[in-house]
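This report refers to the structure that appears directly beneath it.
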Amino acid sequence: MNYIKIAAITVLAVVVLLLGALAWMRFGPVRRSAPVEAETNTSISLPEPDRTDGLPLNAALEARRSIRDFDEVALTLEEIGQLLWAAQGITDPRGFRTAPSAGALFPLEVYLVAGNVEDLAAGVYHYDPSAHALTPIVEGDVRSALAAASLGQSSVADGAAVFVLAAEYERTTRRYGGRGEIYVHIEVGHAGQNIYLQAASLELGTVAIGAFEPDRINELLGLPEAFVPLYVMPVGHPAN
Ligand SMILES: Cc1cc2nc3c(=O)[nH]c(=O)nc-3n(C[C@H](O)[C@H](O)[C@H](O)COP(=O)(O)O)c2cc1C
């Protein structure tokens, strides 16, 4: 009799532990694979973004156009910071951002491929929204290689800088299952549109590019395997 009781209690305890573990996996804190190496003191602080001024919204909506031809004028660090803030900047003490995110799970990571930016060495950088800072990942100008990975689209090589929006799907799918994939795709559209509108506000040009080879981009930018690049957006001064 005692044996039966002990066995029953053991089975119950195992079931409770298993259910607890499953609940933790589904609803516990979001695990993020490090987007890059841990943030280090090599982080580059960006100028504080302008949170109030700029082109009126309706004027930015009216001006937004896909621009594929750029001149050789460099972008400033202020412009880069403003564009990154528009894409994924934090605008609320709870960590909420300029773009909405299903369940506030924030699956997107923004990478900057700098080529012709004042006071910023050519290279690949990761944007840290909470510090509003850049972490260097790869040294050197990889815009031409990125253009080659984007089916040879010259706009990617010609932009002074290129913004790459990547996602770690698991942050969203672990809560929302297959529907989470749709959410991630919707979210990158929000962030991409924010870059478009910010570029219009700064009188810069950009184009949202979806035609590229993701694996080549992962390799080039040193992205973790779980990250999938979804948008490539070159930015520069429109050619006259
Ligand atoms: C999902 C998506 C993928 C796109 N991919 C490319 C692309 O690979 N290359 C490109 O030059 N434009 C690309 N575009 C931009 C469209 O060509 C552009 O939005 C369209 O021609 C309308 O022009 P507009 O943006 O000026 O209104 C893409 C747009 C979207 C929404």
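Details
- For the range 102-116, the criterion of being in contact with a strand residue (DSSP E or B) (Cβ under 6 Å, 6 or more places away or on another chain) and acidic (Asp, Glu) is satisfied by at least one residue.
- Just one residue in the set 160, 122, 166 is away from the ligand (no atom under 14 Å from the Cβ), surrounded by 23 or more Cβ atoms within 10 Å (Cβ to Cβ) and over 17 Å from the mean Cα position of the chain (by Cα); that residue is 160.
- Which listed residue, of 182, 209, is within 12 Å of the ligand (Cβ to nearest atom) and either among the aliphatic types (A, V, I, L, M) or modelled with pLDDT of 95 or more (or both): 209
- Restricting the first member to the range 136-151 and to residues that are at pLDDT 95 or above and within 13 Å of the ligand (Cβ to nearest atom), and the second to residues that are among the hydroxyl-bearing types (Ser, Thr, Tyr) and not in a strand (DSSP E or B), the beta-carbon pairs closer than 8 Å and six or more apart or on different chains are 147/154; 147/155.
- Taking the listed residues 235, 228, the one that is surrounded by fewer than 22 Cβ atoms within 10 Å (Cβ to Cβ), at pLDDT 95 or above and hydrophobic (A, V, I, L, M, F, W, C) is 228, with no other qualifying.
- Every condition in (1) free of Cβ contacts under 8 Å to residues at least 60 places away in the same chain; (2) of a type in the set (D, E, K, R); (3) in a loop (DSSP other than H, G, I, E, B) holds for residue 48 except the one numbered (1).
- Any hit, the range 59-66, residues being within 16 Å of the ligand (Cβ to nearest atom), touching a helix residue (DSSP H, G or I) at 6+ places or on another chain (Cβ under 8 Å), farther than 23 Å from residue 190 by Cα and modelled with pLDDT of 95 or more: no
- Every residue from the range 199-230 that is out of contact with any Phe, Trp or Tyr (no Cβ under 8 Å at 6 or more places or on another chain) and in a helix (DSSP H, G or I): 199, 200, 201, 214, 215, 216, 217, 219, 220
The values are calculated or read from the model by the stated rules, or taken from the named source; none is laboratory data. What you see is a predicted model, and the numbers here were worked out from it, not measured in a lab. Here the Cβ is made from the backbone with ideal geometry for all residues, glycine too, and neighbour counts use every protein chain on show.
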